[in-house]
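Accompanying notes for the structure given below.
The values are calculated or read from the model by the stated rules, or taken from the named source; none is laboratory data. In this text, all values refer to a predicted model and were calculated from it rather than measured experimentally. No Cβ is skipped: glycine too gets one built from the backbone with ideal geometry, and neighbour counts run over all protein chains shown. Ligands, DNA and RNA are stripped out before the accessible areas are found, and what is left, the full protein with its side chains, is counted by its heavy atoms. Shrake-Rupley method; radii C 1.70, N 1.55, O 1.52, S 1.80 Å.
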Amino acid sequence: LLSPDPAWQQLLAQVGFPFRVGRADAGTRVLIAPAGIKPREVAAGVAAAAPGCGLLTEGHTSGSLSIGETRIEWLPFRLGTATRVGRARVRAFPVRAPRPVVERVAARDRGEVRRAVMSAVRRLLDAQSLPCVRLAFCPPGSPTALGFRVDTDYCAREGLVATRRLADEAGMSFSWFFNTEAHGALLGELGPLLVGQDVQVHCHRHEVFRSVRANRENIAKATAILLTHGYRAVGVASPYGDWNPSWDRALAELGLCYASDFVAGYDELPFRPLVRGRLSPVLQIPVHPICLGRLHAARASMDSISDYYRRLVERKAALREPCLLYDHPGGIAADRELLVRILRDARELCGVSLTLTEYARWWHRREQVRLEVVLQPDAVELVVKRGDEQVEAEIEARGQYARVPLRSGRYPLAGLSWRPAATSTPASPGRLTWRIILSERLRQLRRQTHN
Ligand SMILES: [Zn+2]
């Protein structure tokens, strides 16, 4: 990476590509030149890199071209802009239903941006007949992992009971994000219901505020109530999935280690938002933002709901990304049998289930890993500077992938157990009308004026 661009550093670390900031050397196989790097610096980088080294740069068009031995790939965006957090928009999700299935989420689909970068790097290495190496996105044991987040909102007690029943029937430990204003008084008697489950914070008042102080007071109140019942919260899921820099700051001041807010990100690997050029100490654990209520509002049939979840889980499994779903106890109580089937099928496909807190902790460990690699056409050499037995490296070559433990050494490609790396097409956005956009906007305004 030719400049210390924070957006690029964040993304490369998130993918788990071994990378270095600064000058290229004879081991450099892909050179990344963020926009703004002078052509002569790029040329000097190419000259210092390995012969045939690929060049990745960003701009306004996408394309590729070769100059001499150097293949160049352009990304059709600037990464800093394409991954900026904070702006929200109403997005339609691809469901067969009479009306569009919509949710207010991050304006930028940063998961798709990351996948585009990964594909470009893969093509540049392919052109050199080299494998691609990065850290795995999920713990050992399975290529993917399933997690389920529950926002308790204002549901009745029966909703909570139905949710626990669903967890048992699906054989999972859910991550419960509690609204303490609605359910704080119930927490004592809910004790037996929550044994073995992951208890975290949704809110006290169901709102994300504009000021740091209001957010801090709201969440501090909720964590204090949880603590009196013996639950030490480390994670939070924001009301309405909202996110703003004051919210992020408040969580950081309270020492919370992760948040799950789909206005910051959705359908994406964990990441740290860049706030005023600095990485947030609060890790985002994005989920898929569509819940049953949204599918019913679009009058989706049971068949098309099942079909939607099946395709979603298959896609996550194909990408070897975690499959993190979410819902509310009200919706769960109304459709428990449907969800049992969906979660059982998802579990079978994903192999492993974990809570959002377990996944956040695992990601923290993954962030500590330091790895260097030497790529050869027939082997990969790993130089593990700081390893972790719970994190593996994933090697991709010729449409296949293999996982190896993080132990220094030379790994001949012929000796690895390869599995087909299913290619997954980008999720196509659903159709959206102005009427839907305006009604969602109105809903949001009503919410703001109501508070
Ligand atoms: Zn909520």
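Criterion first (part of a helix (DSSP H, G or I) and touching a residue at least 24 places away in the same chain (Cβ under 8 Å)) does residue 167 satisfy it? Considered against the rule, which asks whether it is part of a helix (DSSP H, G or I) and touching a residue at least 24 places away in the same chain (Cβ under 8 Å), residue 167 comes out as yes.
Residues are listed down the side, and each one gets a yes or a no for (1) more than 16 Å from the ligand (Cβ to nearest atom); (2) open to solvent by 30 Å² or more (accessible area, probe 1.4 Å); (3) part of a strand (DSSP E or B); (4) farther than 21 Å from residue 314 by Cα:
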{"site": "103", "(1), (2), (3), (4)": "no, no, yes, yes"}
{"site": "120", "(1), (2), (3), (4)": "yes, no, no, yes"}
{"site": "138", "(1), (2), (3), (4)": "yes, no, no, no"}
{"site": "161", "(1), (2), (3), (4)": "yes, yes, no, yes"}
{"site": "185", "(1), (2), (3), (4)": "yes, yes, no, yes"}
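Before we move on, is residue 127 away from the ligand (no atom under 16 Å from the Cβ), under 30 Å from residue 56 (Cα atoms) and surrounded by fewer than 19 Cβ atoms within 10 Å (Cβ to Cβ)? So residue 127 passes the test. Restricting the first member to the range 122-134 and to residues that are assigned to a helix (DSSP H, G or I), and the second to residues that are modelled with pLDDT of 95 or more and open to solvent by 10 Å² or more (accessible area, probe 1.4 Å), the beta-carbon pairs closer than 6 Å and six or more apart or on different chains are 124/30.
Of the candidates 419, 370, 410, the single residue that is touching a Lys or Arg at 6+ places or on another chain (Cβ under 7 Å), farther than 23 Å from residue 303 by Cα and in contact (Cβ under 8 Å) with a residue 12 or more places away in the chain is 370.
Yes/no per residue for (1) closer than 27 Å to residue 168 by Cβ; (2) away from the ligand (no atom under 16 Å from the Cβ); (3) part of a strand (DSSP E or B):
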{"site": "248", "(1), (2), (3)": "no, yes, no"}
{"site": "261", "(1), (2), (3)": "no, no, no"}
{"site": "269", "(1), (2), (3)": "no, yes, no"}
{"site": "281", "(1), (2), (3)": "no, yes, no"}
{"site": "307", "(1), (2), (3)": "yes, yes, no"}
{"site": "316", "(1), (2), (3)": "yes, yes, no"}
{"site": "332", "(1), (2), (3)": "yes, no, no"}
{"site": "338", "(1), (2), (3)": "yes, yes, no"}
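Looking only at residues in the range 370-397 that are part of a loop (DSSP other than H, G, I, E, B) and within 19 Å of residue 126 (Cα to Cα), which one is most open to solvent (accessible area, probe 1.4 Å)? If we take residues in the range 370-397 being part of a loop (DSSP other than H, G, I, E, B) and within 19 Å of residue 126 (Cα to Cα), then 378 is most open to solvent (accessible area, probe 1.4 Å). Of all positions in the range 145-158, none carries a residue that is among the aliphatic types (A, V, I, L, M), in a helix (DSSP H, G or I) and either farther than 26 Å from residue 378 by Cβ or open to solvent by less than 20 Å² (accessible area, probe 1.4 Å) (or both).
In the range 6-32, what count of residues is obtained for those that are among the hydrophobic types (A, V, I, L, M, F, W, C), within 29 Å of residue 270 (Cα to Cα), out of contact with any Gly (no Cβ under 7 Å at 6 or more places or on another chain) and not in a helix (DSSP H, G or I)? Counting residues in the range 6-32 that are among the hydrophobic types (A, V, I, L, M, F, W, C), within 29 Å of residue 270 (Cα to Cα), out of contact with any Gly (no Cβ under 7 Å at 6 or more places or on another chain) and not in a helix (DSSP H, G or I) gives 4. In this structure, is residue 114 basic (Lys, Arg), more than 16 Å from the ligand (Cβ to nearest atom) and open to solvent by less than 10 Å² (accessible area, probe 1.4 Å)? So residue 114 fits the description; yes. Taking the numbered list (1) part of a loop (DSSP other than H, G, I, E, B); (2) open to solvent by 30 Å² or more (accessible area, probe 1.4 Å) in turn, residue 40 passes all entries but (1). Of all residues in the range 190-217, those that are under 16 Å from residue 253 (Cβ atoms) have Cβ atoms under 7 Å from Cβ atoms of residues that are among the β-branched types (Val, Ile, Thr) and more than 16 Å from the ligand (Cβ to nearest atom), 6 or more apart or on another chain, in 201/223. State which residue is surrounded by the most Cβ atoms within 10 Å (Cβ to Cβ) when the search covers only the range 63-93 and only residues that are outside any loop (DSSP other than H, G, I, E, B) and of a type in the set (Phe, Trp, Tyr). The qualifying residue surrounded by the most Cβ atoms within 10 Å (Cβ to Cβ) is 93.
Scan the range 245-302 for residues that are open to solvent by 20 Å² or more (accessible area, probe 1.4 Å) and free of Cβ contacts under 8 Å to residues at least 60 places away in the same chain and the total you get is 11.
Inspection of the range 168-178 identifies at least one residue that is away from the ligand (no atom under 16 Å from the Cβ) and among the hydrophobic types (A, V, I, L, M, F, W, C).
Quick check on my filter: what residues within the range 40-67 are under 21 Å from residue 5 (Cα atoms) and among the hydroxyl-bearing types (Ser, Thr, Tyr)? Result: 57, 61, 62.
What is the residue count in the range 195-229 for residues that are closer than 21 Å to residue 356 by Cβ, more than 16 Å from the ligand (Cβ to nearest atom), within 26 Å of the chain's Cα centre (by Cα) and not in a strand (DSSP E or B)? Counting residues in the range 195-229 that are closer than 21 Å to residue 356 by Cβ, more than 16 Å from the ligand (Cβ to nearest atom), within 26 Å of the chain's Cα centre (by Cα) and not in a strand (DSSP E or B) gives 4.
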